[in-house]
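The values are calculated or read from the model by the stated rules, or taken from the named source; none is laboratory data. What you are looking at is a predicted structure, and each value in this text was computed from that prediction instead of being measured. Here the Cβ is made from the backbone with ideal geometry for all residues, glycine too, and neighbour counts use every protein chain on show. Note: accessible area is taken over every heavy atom of the protein model, side chains too, but ligands, DNA and RNA are not part of it. Shrake-Rupley method; radii C 1.70, N 1.55, O 1.52, S 1.80 Å.
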Amino acid sequence: MKTTLYNNITDIPAVACLLQQGQVVAVPTETVYGLAANALDSRAVEKIFAAKNRPADNPLIVHIAKWEELPPLVSEIPASAKALAQAFWPGPLTMVLPRSEKIPDIVTAGGNTVAIRMPAHPVAKAIIEAAGVPLAAPSANRSGSPSPTTAAHVMTDMEGIIPAVFDGGASQVGVESTVISLVGPRPRLLRPGGITPEQLEQVVGEIDIDPSITANVHLERVSSPGMKYKHYAPKAKVTLLHGSQPAFVDFMNHQAEADAVALCFHEEAHQITKPVLCIGHAEDHGEIAHNLFSLLRQADQQQITRIYAHCPERRGIGLAIYNRLIRAAAFDERELDQE
Ligand code: TXA
Ligand code: MG
(Lines give C-alpha, C1' and ligand atoms only; values in the text may rest on other atoms or scores of the structure.)
(Ligands and ions follow the chains in the order given, each with its own letter.)
Protein backbone atom coordinates (compact mmCIF):
# COMPACT_ATOMS: atom_id res chain seq x y z
CA MET A 1 0.00 0.00 0.00
CA LYS A 2 1.25 3.49 -0.82
CA THR A 3 1.21 5.86 2.15
CA THR A 4 0.46 9.46 1.17
CA LEU A 5 1.96 12.16 3.38
CA TYR A 6 -0.34 15.20 3.64
CA ASN A 7 0.62 18.48 5.28
CA ASN A 8 -1.73 21.16 4.01
CA ILE A 9 -5.07 22.12 5.57
CA THR A 10 -6.56 21.97 2.08
CA ASP A 11 -5.91 18.19 2.25
CA ILE A 12 -8.23 17.75 5.25
CA PRO A 13 -11.30 16.88 3.13
CA ALA A 14 -9.33 14.09 1.41
CA VAL A 15 -8.26 12.69 4.78
CA ALA A 16 -11.83 12.95 6.11
CA CYS A 17 -13.04 11.08 3.02
CA LEU A 18 -10.66 8.19 3.73
CA LEU A 19 -11.99 8.03 7.30
CA GLN A 20 -15.60 8.00 6.07
CA GLN A 21 -14.68 5.10 3.77
CA GLY A 22 -13.52 3.08 6.76
CA GLN A 23 -9.78 3.61 6.28
CA VAL A 24 -7.12 4.22 8.93
CA VAL A 25 -5.21 7.52 8.87
CA ALA A 26 -2.47 8.89 11.16
CA VAL A 27 -3.33 12.33 12.56
CA PRO A 28 -1.31 14.79 14.64
CA THR A 29 -2.44 15.61 18.17
CA GLU A 30 -0.82 17.78 20.84
CA THR A 31 0.23 14.69 22.83
CA VAL A 32 1.44 12.15 20.23
CA TYR A 33 0.30 11.12 16.73
CA GLY A 34 -2.82 8.95 16.64
CA LEU A 35 -3.85 6.12 14.33
CA ALA A 36 -7.45 7.11 13.63
CA ALA A 37 -10.55 5.38 12.27
CA ASN A 38 -14.31 5.90 12.53
CA ALA A 39 -15.06 4.80 16.11
CA LEU A 40 -18.59 3.72 15.16
CA ASP A 41 -17.43 1.35 12.39
CA SER A 42 -16.09 -1.86 13.88
CA ARG A 43 -14.54 -2.99 10.56
CA ALA A 44 -12.57 0.25 10.38
CA VAL A 45 -11.45 -0.13 14.01
CA GLU A 46 -10.29 -3.71 13.29
CA LYS A 47 -7.81 -2.21 10.83
CA ILE A 48 -6.25 -0.13 13.63
CA PHE A 49 -5.56 -3.26 15.68
CA ALA A 50 -4.07 -4.97 12.62
CA ALA A 51 -1.86 -2.00 11.64
CA LYS A 52 -0.47 -1.66 15.17
CA ASN A 53 -0.34 -5.35 15.92
CA ARG A 54 -2.20 -4.43 19.10
CA PRO A 55 -3.68 -7.05 21.45
CA ALA A 56 -7.49 -7.12 21.22
CA ASP A 57 -7.87 -6.77 25.02
CA ASN A 58 -6.46 -3.21 25.00
CA PRO A 59 -9.29 -0.68 24.46
CA LEU A 60 -9.00 2.53 22.39
CA ILE A 61 -9.60 6.19 23.15
CA VAL A 62 -12.47 7.86 21.24
CA HIS A 63 -11.70 11.43 20.10
CA ILE A 64 -14.36 14.12 19.73
CA ALA A 65 -14.23 17.76 18.63
CA LYS A 66 -17.20 19.24 20.55
CA TRP A 67 -18.90 18.67 23.90
CA GLU A 68 -22.21 17.91 22.14
CA GLU A 69 -20.64 14.78 20.64
CA LEU A 70 -20.19 13.24 24.09
CA PRO A 71 -23.74 12.38 25.34
CA PRO A 72 -24.55 9.78 22.62
CA LEU A 73 -21.31 7.91 23.37
CA VAL A 74 -21.81 7.48 27.13
CA SER A 75 -24.63 6.33 29.39
CA GLU A 76 -23.93 8.86 32.14
CA ILE A 77 -22.03 12.12 32.55
CA PRO A 78 -20.97 12.58 36.19
CA ALA A 79 -20.52 16.12 37.53
CA SER A 80 -16.78 15.48 37.80
CA ALA A 81 -16.63 14.89 34.02
CA LYS A 82 -18.28 18.23 33.33
CA ALA A 83 -15.89 20.03 35.66
CA LEU A 84 -12.80 18.33 34.21
CA ALA A 85 -13.93 19.00 30.63
CA GLN A 86 -14.47 22.64 31.46
CA ALA A 87 -10.98 22.88 32.92
CA PHE A 88 -8.94 20.74 30.52
CA TRP A 89 -10.79 20.15 27.21
CA PRO A 90 -9.71 20.52 24.54
CA GLY A 91 -6.40 19.11 25.78
CA PRO A 92 -4.35 16.14 26.96
CA LEU A 93 -6.99 14.57 29.24
CA THR A 94 -8.89 11.32 28.61
CA MET A 95 -11.90 10.43 30.76
CA VAL A 96 -13.15 6.86 31.23
CA LEU A 97 -16.97 6.87 31.46
CA PRO A 98 -19.80 4.34 31.30
CA ARG A 99 -20.28 3.53 27.61
CA SER A 100 -23.46 3.71 25.55
CA GLU A 101 -24.77 1.08 23.12
CA LYS A 102 -23.48 3.15 20.22
CA ILE A 103 -19.83 2.24 20.88
CA PRO A 104 -18.80 -1.03 19.19
CA ASP A 105 -17.36 -3.73 21.47
CA ILE A 106 -14.05 -3.73 19.65
CA VAL A 107 -13.36 -0.14 20.81
CA THR A 108 -13.86 -0.94 24.50
CA ALA A 109 -12.34 -4.44 24.30
CA GLY A 110 -15.75 -5.69 25.42
CA GLY A 111 -15.75 -3.64 28.64
CA ASN A 112 -18.59 -1.48 29.91
CA THR A 113 -16.61 1.79 29.88
CA VAL A 114 -15.29 4.01 27.11
CA ALA A 115 -12.32 6.41 27.14
CA ILE A 116 -13.04 9.83 25.58
CA ARG A 117 -10.73 12.74 24.75
CA MET A 118 -11.13 16.09 23.00
CA PRO A 119 -7.72 16.92 21.49
CA ALA A 120 -6.51 20.53 21.26
CA HIS A 121 -4.44 20.23 18.07
CA PRO A 122 -6.20 22.33 15.39
CA VAL A 123 -5.59 19.69 12.69
CA ALA A 124 -7.00 16.88 14.85
CA LYS A 125 -10.05 19.01 15.58
CA ALA A 126 -10.53 19.91 11.90
CA ILE A 127 -10.21 16.27 10.80
CA ILE A 128 -12.78 15.04 13.37
CA GLU A 129 -15.19 17.79 12.29
CA ALA A 130 -14.71 17.10 8.59
CA ALA A 131 -15.15 13.34 9.07
CA GLY A 132 -18.34 14.02 11.04
CA VAL A 133 -17.78 11.00 13.31
CA PRO A 134 -15.87 10.35 16.54
CA LEU A 135 -12.44 8.85 15.87
CA ALA A 136 -10.95 5.90 17.74
CA ALA A 137 -7.21 6.49 17.90
CA PRO A 138 -4.39 4.84 19.80
CA SER A 139 -0.86 6.19 19.49
CA ALA A 140 0.35 5.63 15.91
CA ASN A 141 3.33 3.41 16.75
CA ARG A 142 3.60 -0.33 16.17
CA SER A 143 2.89 -2.01 19.54
CA GLY A 144 6.04 -1.97 21.68
CA SER A 145 7.80 1.05 20.12
CA PRO A 146 7.78 4.57 21.55
CA SER A 147 4.76 6.69 20.63
CA PRO A 148 5.40 8.86 17.56
CA THR A 149 5.73 12.60 18.10
CA THR A 150 6.48 13.51 14.45
CA ALA A 151 5.10 12.42 11.08
CA ALA A 152 8.54 10.96 10.29
CA HIS A 153 8.22 8.65 13.32
CA VAL A 154 4.82 7.52 12.04
CA MET A 155 6.25 6.85 8.57
CA THR A 156 9.00 4.71 10.12
CA ASP A 157 6.37 2.48 11.77
CA MET A 158 3.43 2.68 9.35
CA GLU A 159 4.68 3.37 5.80
CA GLY A 160 3.14 0.82 3.46
CA ILE A 161 0.62 -0.26 6.14
CA ILE A 162 -1.85 2.67 6.14
CA PRO A 163 -3.03 4.91 3.24
CA ALA A 164 -2.27 8.34 4.75
CA VAL A 165 -0.36 10.32 7.36
CA PHE A 166 -1.09 13.99 8.07
CA ASP A 167 2.03 15.92 9.09
CA GLY A 168 0.96 18.59 11.60
CA GLY A 169 4.44 19.24 13.02
CA ALA A 170 6.04 17.89 16.20
CA SER A 171 3.57 17.06 18.99
CA GLN A 172 3.91 19.76 21.60
CA VAL A 173 3.34 17.75 24.80
CA GLY A 174 5.26 14.66 23.69
CA VAL A 175 3.76 12.10 26.10
CA GLU A 176 0.27 10.63 25.83
CA SER A 177 -2.81 12.07 27.52
CA THR A 178 -3.60 11.66 31.19
CA VAL A 179 -6.25 8.93 31.62
CA ILE A 180 -8.66 9.30 34.55
CA SER A 181 -11.50 6.92 35.35
CA LEU A 182 -14.74 8.48 36.58
CA VAL A 183 -16.75 5.26 36.94
CA GLY A 184 -15.83 4.40 40.55
CA PRO A 185 -16.68 6.12 43.84
CA ARG A 186 -13.61 8.36 43.49
CA PRO A 187 -11.75 9.64 40.38
CA ARG A 188 -8.85 7.30 39.68
CA LEU A 189 -5.72 8.18 37.73
CA LEU A 190 -4.97 5.31 35.33
CA ARG A 191 -2.17 6.90 33.29
CA PRO A 192 -0.22 10.08 34.09
CA GLY A 193 0.25 12.49 31.18
CA GLY A 194 0.06 16.09 30.07
CA ILE A 195 -2.41 17.09 32.83
CA THR A 196 -0.78 16.54 36.22
CA PRO A 197 -2.36 14.91 39.33
CA GLU A 198 -2.03 18.28 41.07
CA GLN A 199 -4.08 19.97 38.31
CA LEU A 200 -6.76 17.25 38.48
CA GLU A 201 -7.05 17.51 42.27
CA GLN A 202 -7.60 21.25 42.03
CA VAL A 203 -10.79 20.52 40.09
CA VAL A 204 -12.20 17.29 41.58
CA GLY A 205 -10.51 17.01 44.99
CA GLU A 206 -8.54 14.00 46.07
CA ILE A 207 -7.97 11.32 43.41
CA ASP A 208 -6.78 7.72 43.70
CA ILE A 209 -3.59 6.79 41.89
CA ASP A 210 -3.76 3.38 40.26
CA PRO A 211 -0.86 1.20 41.52
CA SER A 212 0.00 0.17 37.93
CA ILE A 213 1.40 3.67 37.32
CA THR A 214 4.54 3.13 39.33
CA ALA A 215 4.63 -0.61 39.92
CA ASN A 216 5.44 -3.56 37.72
CA VAL A 217 1.99 -5.03 37.24
CA HIS A 218 1.77 -8.57 35.98
CA LEU A 219 -1.87 -8.99 36.91
CA GLU A 220 -4.28 -10.29 34.32
CA ARG A 221 -6.80 -7.58 35.11
CA VAL A 222 -5.56 -4.04 35.59
CA SER A 223 -7.76 -0.96 35.38
CA SER A 224 -6.00 0.36 32.28
CA PRO A 225 -5.00 -2.65 30.18
CA GLY A 226 -2.33 -0.69 28.30
CA MET A 227 -0.30 -0.36 31.50
CA LYS A 228 0.40 -4.07 31.70
CA TYR A 229 2.42 -4.23 28.49
CA LYS A 230 6.12 -3.51 28.24
CA HIS A 231 5.68 -0.25 26.41
CA TYR A 232 7.83 2.44 24.88
CA ALA A 233 10.83 0.16 24.73
CA PRO A 234 13.90 1.03 22.69
CA LYS A 235 16.15 -1.79 21.49
CA ALA A 236 18.86 -0.83 23.99
CA LYS A 237 18.85 -2.18 27.52
CA VAL A 238 17.80 0.76 29.68
CA THR A 239 18.41 1.32 33.40
CA LEU A 240 16.70 4.21 35.15
CA LEU A 241 18.87 5.96 37.76
CA HIS A 242 17.64 8.17 40.59
CA GLY A 243 19.94 10.59 42.39
CA SER A 244 21.84 13.86 42.26
CA GLN A 245 23.64 15.19 39.20
CA PRO A 246 27.13 14.59 40.70
CA ALA A 247 26.19 10.99 41.54
CA PHE A 248 24.89 10.42 37.99
CA VAL A 249 28.01 11.95 36.40
CA ASP A 250 30.24 9.86 38.66
CA PHE A 251 28.35 6.68 37.81
CA MET A 252 28.52 7.32 34.05
CA ASN A 253 32.23 8.19 34.11
CA HIS A 254 33.45 5.44 36.46
CA GLN A 255 30.98 2.57 36.61
CA ALA A 256 28.95 2.40 33.39
CA GLU A 257 30.10 0.00 30.67
CA ALA A 258 32.39 1.44 27.96
CA ASP A 259 29.62 1.33 25.34
CA ALA A 260 26.96 2.95 27.56
CA VAL A 261 25.16 6.17 26.63
CA ALA A 262 23.69 8.66 29.14
CA LEU A 263 20.14 9.94 28.70
CA CYS A 264 20.79 12.99 30.83
CA PHE A 265 20.01 16.60 31.70
CA HIS A 266 21.48 19.59 29.90
CA GLU A 267 23.22 20.76 33.10
CA GLU A 268 25.29 17.57 33.56
CA ALA A 269 25.86 16.58 29.91
CA HIS A 270 29.22 18.39 29.51
CA GLN A 271 30.72 16.62 32.54
CA ILE A 272 30.01 13.14 31.20
CA THR A 273 32.91 11.52 29.34
CA LYS A 274 30.72 8.99 27.52
CA PRO A 275 28.27 9.75 24.68
CA VAL A 276 25.10 11.54 25.79
CA LEU A 277 21.54 12.06 24.59
CA CYS A 278 20.49 15.31 26.23
CA ILE A 279 16.86 15.18 27.31
CA GLY A 280 16.41 18.81 28.43
CA HIS A 281 16.91 20.98 31.51
CA ALA A 282 16.45 19.09 34.81
CA GLU A 283 13.70 21.40 36.05
CA ASP A 284 11.90 21.79 32.72
CA HIS A 285 9.62 18.76 32.73
CA GLY A 286 7.66 20.08 29.73
CA GLU A 287 10.86 20.13 27.67
CA ILE A 288 11.82 16.62 28.84
CA ALA A 289 8.37 15.19 28.01
CA HIS A 290 8.54 16.85 24.58
CA ASN A 291 11.93 15.24 23.78
CA LEU A 292 11.56 11.83 25.45
CA PHE A 293 10.11 9.57 22.74
CA SER A 294 12.09 11.25 19.99
CA LEU A 295 15.34 10.49 21.83
CA LEU A 296 14.36 6.88 22.48
CA ARG A 297 13.78 6.47 18.73
CA GLN A 298 17.09 8.22 17.99
CA ALA A 299 18.83 5.72 20.28
CA ASP A 300 17.47 2.89 18.12
CA GLN A 301 18.62 4.58 14.94
CA GLN A 302 22.12 5.00 16.36
CA GLN A 303 22.05 1.31 17.33
CA ILE A 304 22.83 2.12 20.93
CA THR A 305 22.69 -1.04 23.05
CA ARG A 306 23.05 0.32 26.63
CA ILE A 307 21.39 3.40 28.12
CA TYR A 308 21.42 4.85 31.63
CA ALA A 309 18.61 7.37 31.99
CA HIS A 310 18.63 10.04 34.71
CA CYS A 311 15.13 10.27 36.15
CA PRO A 312 13.66 13.74 36.74
CA GLU A 313 11.76 14.47 39.95
CA ARG A 314 8.45 12.60 40.00
CA ARG A 315 6.20 15.63 40.54
CA GLY A 316 3.98 17.38 38.00
CA ILE A 317 4.49 16.00 34.49
CA GLY A 318 7.60 14.29 35.94
CA LEU A 319 5.27 11.47 37.06
CA ALA A 320 4.32 10.85 33.42
CA ILE A 321 7.99 10.90 32.39
CA TYR A 322 8.85 8.41 35.16
CA ASN A 323 5.92 6.18 34.15
CA ARG A 324 7.21 6.03 30.53
CA LEU A 325 10.87 5.64 31.52
CA ILE A 326 10.33 2.70 33.89
CA ARG A 327 8.56 0.91 31.05
CA ALA A 328 11.38 1.71 28.61
CA ALA A 329 13.67 0.27 31.31
CA ALA A 330 11.45 -2.80 31.82
CA PHE A 331 11.33 -1.72 35.50
CA ASP A 332 15.12 -1.80 36.02
CA GLU A 333 15.68 1.21 38.31
CA ARG A 334 18.36 2.05 40.89
CA GLU A 335 18.95 4.63 43.59
CA LEU A 336 22.43 6.18 43.14
CA ASP A 337 23.05 8.20 46.25
CA GLN A 338 22.66 5.20 48.53
CA GLU A 339 25.37 3.13 46.82
O1 TXA B 1 -2.60 11.11 24.01
C2 TXA B 1 -3.23 10.09 23.79
O3 TXA B 1 -4.02 9.61 24.60
C4 TXA B 1 -3.02 9.40 22.42
C5 TXA B 1 -3.55 10.35 21.35
C6 TXA B 1 -3.51 9.74 19.97
O7 TXA B 1 -4.83 10.78 21.69
N8 TXA B 1 -3.65 8.14 22.40
C9 TXA B 1 -3.17 7.08 23.10
O10 TXA B 1 -3.87 5.91 22.92
O11 TXA B 1 -2.21 7.15 23.84
P12 TXA B 1 -3.30 4.50 23.36
O13 TXA B 1 -4.26 3.53 22.80
O14 TXA B 1 -1.88 4.36 22.96
O15 TXA B 1 -3.45 4.49 24.92
C16 TXA B 1 -4.74 4.44 25.49
C17 TXA B 1 -4.66 4.01 26.92
C18 TXA B 1 -4.27 2.56 27.07
O19 TXA B 1 -3.45 2.42 28.20
C20 TXA B 1 -5.62 1.89 27.27
O21 TXA B 1 -5.52 0.68 27.97
C22 TXA B 1 -6.38 2.95 28.05
O23 TXA B 1 -5.95 4.18 27.51
N24 TXA B 1 -7.83 2.82 27.88
C25 TXA B 1 -8.56 2.98 26.74
N26 TXA B 1 -9.86 2.75 26.98
C27 TXA B 1 -9.98 2.46 28.30
C28 TXA B 1 -11.06 2.12 29.15
N29 TXA B 1 -12.31 2.03 28.69
N30 TXA B 1 -10.79 1.86 30.46
C31 TXA B 1 -9.52 1.95 30.92
N32 TXA B 1 -8.45 2.27 30.17
C33 TXA B 1 -8.68 2.51 28.87
MG1 MG C 1 0.05 3.74 22.89
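For the chain, the number of Lys pairs with C-alpha atoms closer than 28 Å, counting only pairs eight or more positions apart or on separate chains, is 28.
For the pair the range 311-339 / the range 99-175, the C-alpha centres are spaced 27 Å from each other. Dipole magnitude for the chain: computed about the Cα centre from +1 point charges on Lys and Arg Cβ and -1 point charges on Asp and Glu Cβ, it is near 920 debye.
Under the rule a/c < 1.5 gives rounded, and otherwise a/b versus b/c splits prolate from oblate, where does the range 1-157 land using the Cα gyration tensor? Judged from the Cα gyration tensor, the range 1-157 comes out prolate (a/c at least 1.5, a/b above b/c).
Taken about its Cα centre, the range 1-71 carries a charge dipole of roughly 280 debye when the Cβ of each Lys and Arg holds +1 and the Cβ of each Asp and Glu holds -1. Comparing Cys17, Cys278, Cys264 in a Gaussian network model of the chain, where Cα atoms under 10 Å apart are tied by springs, the biggest mean-square fluctuation is seen for Cys17. Taking all protein chains as shown and a probe of 1.4 angstrom, Arg191 keeps an accessible surface of around 40 Å².
The alpha carbons of the chain stretch over 59, 48, 33 Å along the principal axes, in descending order.
Only the Cβ atoms of Lys and Arg (+1) and of Asp and Glu (-1) were treated as charged; on that basis the dipole of the range 247-339 about its Cα centre amounts to roughly 400 debye. Only helical runs count toward this figure. For the chain, summing -39,500 (n - 2.57) over DSSP H runs of n ≥ 4 and dividing by all residues gives -8500 deg cm²/dmol at 222 nm.
Karplus-based coupling profile of the range 318-323, in residue order and whole Hz: x, 5, 5, 5, 4, 4, with θ = phi - 60° in 6.51 cos²θ - 1.76 cosθ + 1.60 and x standing for Gly or Pro.
Maximal additional length on extending the His266-Arg186 stretch stands at 24.9 nm, based on 0.36 nm per residue less the C-alpha distance.
Element breakdown for the chain at a 1.4 angstrom probe: carbon and sulfur atoms account for 50% of the accessible area.
Net charge of the neighbourhood of Ile195, taken over other residues with C-beta under 12 Å away and scored Lys/Arg +1, Asp/Glu -1, is -2. Given R0 = 45 Å, the distance between the Cβ atoms of Gln298 and Asp208 translates into a calculated FRET efficiency of 0.80. Looking at Thr150, Tyr6, Ala79, which one has the Cα that reaches farthest to the positive end of the dipole of the chain (charges on Cβ: Lys, Arg +1; Asp, Glu -1)? My answer, from the dipole projection, is Tyr6.
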